[in-house]
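A short worksheet on the structure shown next.
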2 protein chains.
Amino acid sequence: MNALNIAETMNAMGAQARQASAAMARSPAAVRSRALKRLAALLRENAQALGADNARDIERATRAGLAAPLVDRLRLTPKVIDTVAEGCEQLAAMPDIIGEIVGMRQQPSGIRVGQMRVPIGVFGMIFESRPNVTIEAASLSIKSGNACILRGGSEAIESNKALAALVRRALDDAGLPPDAVQLVPTTDREAVGQLIAMPQFVDVIIPRGGKGLIERISRDAKVPVIKHLDGNCHTYVDDPCDLDMAVRVTDNAKTQKYSPCNASEGLLVARAVAPQFLPRIGAVFAAKDVEMRCDAESGALMRGVPGARVVDATEQDWFEEYLAPIISIKVVAGLDEAIAHINHYGSHHTDAILTRDHLHAQRFLREVDSASVMVNASTRFADGFEYGLGAEIGISTDKFHARGPVGIEGLTSLKWVVLGEGEIRKG
Amino acid sequence: MNALNIAETMNAMGAQARQASAAMARSPAAVRSRALKRLAALLRENAQALGADNARDIERATRAGLAAPLVDRLRLTPKVIDTVAEGCEQLAAMPDIIGEIVGMRQQPSGIRVGQMRVPIGVFGMIFESRPNVTIEAASLSIKSGNACILRGGSEAIESNKALAALVRRALDDAGLPPDAVQLVPTTDREAVGQLIAMPQFVDVIIPRGGKGLIERISRDAKVPVIKHLDGNCHTYVDDPCDLDMAVRVTDNAKTQKYSPCNASEGLLVARAVAPQFLPRIGAVFAAKDVEMRCDAESGALMRGVPGARVVDATEQDWFEEYLAPIISIKVVAGLDEAIAHINHYGSHHTDAILTRDHLHAQRFLREVDSASVMVNASTRFADGFEYGLGAEIGISTDKFHARGPVGIEGLTSLKWVVLGEGEIRKG
């Protein structure tokens, strides 16, 4: 497609999405649930055909020399298909929040005023690699009564097209407009530029991918963006603290998986417990071959641990999101220094305090300026499923609108509802 | 100041605001209330001195040939000062919402997850003309635990400086950082350009003023903007409807005041009730000299009304926010056409249905895509005070984050709070 055709295509998709969004917004909860259950059934019925489409993506990616772990992320195995189908069924079973009215109270004038939860309208989602995101986004969009325009990665285009066709069939079978979920048919980059600059058709953009992608989109978008930037998460081991618990939770926060954004990248330890705690966690990290980037004080303690890989931390280390078997470690005087360090170097994603002190816990919760703040729990819990949101469309590092894991609620807005009996305003 | 100095000044103010915001966020509710009560007292004690500073603005504006109604908006009379002082006292008496935790629920993993309401951080406010906005913004900022940077209009600079000095004293007397409320000391336009482009220091911009100002700021801002664009509000008289009530409410919605954004600019009438209703409201409008821009059908009915000023409506009239004694009038087939008209031509601000039909009321509430939707009430009620928010910092026509009248809640965000007992993530 040339630039003119792309602009025309995107505009047409935008207009269709806007029109479909009105039908979605007024659709009954039962109809949207029916579409989700139908989608789950279609996914299972067509697992084999989807596998064939997916194989074409895999073959192309392999031929293009894509690294094996990246090729793996493309795979739509029967197990992956079953998991996303189950996700659709779970969403279908969840309570509907569209139309819910909250806080209805009578005012002195006589009118009753409350807020009704309604869909945002149309969201655009830009993602890379994993084709199952197509279904995750589509199902959240259907559940929340929105319309969406999806732009997947070029390497998964065949899989995404096949999945999107099933979504359209499910919508149609349920009596909903198929245009409520549209996939951008071209992998041309120009399409993204158009998608993020149509405020008349698209209300919000949700990018999922690397930091570069998200920064570029935030810079150029003409509509709000739900941003998911870095996860430089911290675990702070306070004094007093149950050290057995601290070893277990710190280990989990760093090593359970290295690549997720909610893995802890920094470990802060109160000076009073450092001599007891650091050698113990150091032994765990040594056994798992985790590199430790230490300040002088923690380094001195860690260097005594057999097999420990200890490196002097630089100023840059405190800012770093490693997403790897590396952790920065620093001894702090106590709570105040820990909070100051996290607010200065952290990315406002997720930070945890491990403590027995009630006052410290309260201050940490209140004063650490992050989307998720935790007491005595692993930072790895910061995710929509673990928070009971059913599913997540992303994790927001913004403070505006949605913060942290974004579920169905993050795709809605509250409008004011006023019920009267003919009241008029006097002053 | 030259451009370099302005950039330096704004950067310094930004850094001070960011620092002050941390102290504000952790300050106890009682301390913020004390600051608000102290501010009210200082305003009253200094009413005479404020009047003198204000007189300098008035004199300059008059000399510059500013129109009398605009000069009037600048005035800080004892009555205006008393009203803003009272506003501070009311805010002080309102429940504090910072630190409130909502929705705390235990998850299958054992962790308890909820959301804590926290200040947004730093907001920048850009406003024109009326100096009392300085106190309204400052008091909402203090109550909500934020820091703010205020940029008032050049015509009120002396008054604003005097008011801002009192705010600083009140903060200081209460033991809060005076930099929590800063006034931009220059009226240079370059300062606005800087203020809206410091994402490291300012989290959100709230412009209050004409549409041109708001569009310009939204276009150039590097941070989210709480936009208040047009108020093209509608009143729809449905069938069946209590026509006495409809005349009373429609009259109020249009004529109680002409300049507010929540005055109705468009009147839609169901065909079945038009012959009874239109001549009655036409007589009211004729008596108040309201010009009626009518479609053919309503025009034919209105032309029979003695003294009625009837003009043929053009397509542009349906889009218009008159803010004047003018109203557009159209006969529609019924509910569907009314909803379609409002969603197409309206500005998604405030729209009301006057009806006796329960189903119609429900559909109007659900399907009209506006910040405020009303049944049997005057659109003039769309305001923070009437909604029980205590005060409003603006009215948002956005769907993202805050929608409609924005009170203290709109200046906060919800962060996730996770309380555990050493839980670790397994899958």
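The values are calculated or read from the model by the stated rules, or taken from the named source; none is laboratory data. Because the structure is a prediction, the values reported are computed rather than measured. Cβ atoms come from the backbone with ideal geometry, glycine included; neighbour counts cover every protein chain shown. Note: accessible area is taken over every heavy atom of the protein model, side chains too, but ligands, DNA and RNA are not part of it. Shrake-Rupley method; radii C 1.70, N 1.55, O 1.52, S 1.80 Å.
Taking amide H atoms as placed 1.01 Å from N in the peptide plane, list the residues 5 or more away in sequence, or in a different chain, whose amide H sits under 5 Å from that of A:VAL375.
A:ILE353, B:VAL418, B:LEU419, B:GLY420
Could you name the aspartates and glutamates whose alpha carbon sits less than 17 Å from that of A:LYS79, not counting residues in the same chain fewer than 8 places away?
Answer for A:LYS79, where 17 Å is the Cα cut-off: A:GLU45, A:ASP53, A:GLU89, A:GLU136, listed by chain and number.
If you take the accessible area of B alone plus A alone and subtract the pair, what total do you get in square angstrom, rounded to 100, with a 1.4 Å probe?
5600 Å²
Output, in nm with one decimal and in ascending order, the distances from the A:ARG44 label point to the matching label points of the other copies (7 Å from Cα along Cα-to-Cβ).
Computed spacing set for this position: 7.1 nm.
I need two numbers for the protein assembly as shown: Rg to one decimal and Dmax as a whole number, Cα atoms only, in Å.
Gyration radius and largest Cα-Cα distance of the protein assembly as shown: 29.0, 100 Å.
Across segment A:383-392, in residue order, what do the Karplus-derived ³J(HN,Hα) couplings come to in whole Hz, using 6.51 cos²θ - 1.76 cosθ + 1.60 with θ = phi - 60° and x for Gly and Pro?
6, x, 5, 5, 7, x, 7, x, 6, 10
If you place +1 on the Cβ of every Lys and Arg and -1 on the Cβ of every Asp and Glu, how big does the dipole about the Cα centre of segment A:233-381 come out, in debye to the nearest 20?
Taking the Cα centre of segment A:233-381 as origin, the dipole is about 460 debye.
Based on the Cβ-Cβ distance of B:ARG60 and A:GLU291, what FRET efficiency does E = 1/(1 + (r/R0)^6) give at R0 = 60 Å, to the nearest 0.05?
E(calc), rounded to 0.05, equals 0.35.
Counting helices only, and only those DSSP H runs with n ≥ 4, report the 222 nm mean residue ellipticity of chain A as the sum of -39,500 (n - 2.57) divided by its residues, in deg cm²/dmol to the nearest 500.
-13500 deg cm²/dmol
Counting only residues 5 or more places away or on other chains, whose amide H sits under 5 Å from the amide H of B:GLY388 once H atoms are built in the peptide plane?
none
Which distances, shortest first and in nm, link B:PRO69 to the matching position in the other copies, using label points set 7 Å out along Cα to C-beta?
Inter-copy label distances (nm, one decimal, shortest first): 6.6.
Specify whether the C-alpha gyration tensor of segment A:233-381 places it in the rounded, prolate or oblate class, a ≥ b ≥ c being the square roots of the eigenvalues: rounded for a/c under 1.5, otherwise prolate if a/b is larger than b/c and oblate if not.
Judged from the Cα gyration tensor, segment A:233-381 comes out rounded (a/c under 1.5).
If you count the DSSP beta bridges with both ends in the protein assembly as shown, what percent of them are antiparallel, to the nearest 5?
25 percent
Roughly what % antiparallel, to the nearest 5, for the DSSP beta bridges in chain A?
In chain A, approximately 25 percent of DSSP beta bridges are antiparallel ones.
Name the residues of segment A:364-394 whose accessible area falls by at least 50 Å² when all protein chains are present instead of the chain alone, probe 1.4 Å?
SASA drop of 50 Å² or more in segment A:364-394: A:LEU365, A:ARG366, A:PHE381, A:GLU386, A:TYR387.
Expressed in whole Å with the largest first, what are the equivalent ellipsoid semi-axes of chain A derived from the C-alpha gyration tensor as the square root of 5 times each eigenvalue?
One finds semi-axes of 41, 30, 19 Å for chain A.
Can you name the chain B residue with its Cβ nearest the rotation axis from B to A, and give the distance in Å as a whole number?
In chain B, the Cβ lying nearest the symmetry axis toward A is B:HIS401, 2.
Under the Karplus relation 6.51 cos²θ - 1.76 cosθ + 1.60, θ = phi - 60°, what is the ordered set of whole-Hz ³J(HN,Hα) values for segment B:290-297, x standing for Gly and Pro?
In residue order, the calculated couplings are 8, 6, 10, 9, 10, 6, 4, 5 Hz.
Between A:VAL31 and A:ALA324, what is the label-to-label distance in nm when each label sits 7 Å out along the Cα-to-Cβ direction?
Those two pseudo-labels are separated by 5.2 nm.
At A:LEU323, with labels set 7 Å past Cα in the Cβ direction, how many nm apart are the copies from this one, shortest first?
Copy-to-copy label distances at A:LEU323, shortest first: 4.8 nm.
Using the structure shown, select from B:LYS37/B:LYS143; A:LYS211/A:LYS288; A:LYS254/A:LYS399; A:LYS426/B:LYS288 the pairs with a Cα to Cα distance greater than 20 angstrom.
Long pairs (Cα-Cα over 20 Å): A:LYS211/A:LYS288; A:LYS254/A:LYS399.
What are the ³J(HN,Hα) couplings of segment B:175-187, residue after residue, when phi is run through the Karplus curve with 6.51, -1.76, 1.60 and θ = phi - 60°? Round to Hz, x for glycine and proline.
x, 10, x, x, 6, 5, 10, 10, 9, 5, x, 10, 9
Please work out the Cα center distance from segment B:207-242 to segment A:294-358, rounded to the nearest Å.
Segment B:207-242 and segment A:294-358 have Cα centres separated by 47 Å.
Arrange the residues B:VAL102, B:VAL192 by how much accessible surface each exposes, largest first, with a 1.4 angstrom probe.
From most exposed to least exposed: B:VAL102, B:VAL192.
What residues from segment B:357-374 fall in the zone where the backbone N is under 17 Å from a label point 7 Å along the Cα-to-C-beta line of A:MET104?
Zone members listed by number: B:357-368, B:372-374.
What size of dipole, in debye to the nearest 20, comes out for chain B about its Cα centre when the only charges are +1 on Lys and Arg C-beta atoms and -1 on Asp and Glu C-beta atoms?
Dipole of chain B, to the nearest 20 debye: 1120 debye.
List the trypsin sites (Lys or Arg not before Pro) within segment B:334-378 that DSSP assigns to loop and that have no more than 13 neighbouring Cβ atoms inside 10 Å.
Passing sites in segment B:334-378 are B:ARG356.
Report the gain in length on full extension from B:VAL284 to B:SER154: 0.36 nm times residue separation, minus Cα-Cα distance, nm rounded to one decimal.
Separation in residues times 0.36 nm, less the Cα-Cα distance, equals 42.7 nm.
Identify all aspartates and glutamates with a Cα-Cα distance to B:LYS222 below 14 Å; exclude those on the same chain that are fewer than 8 residues away in sequence.
Partners found: A:GLU215, A:ASP220, A:ASP398, B:ASP203.
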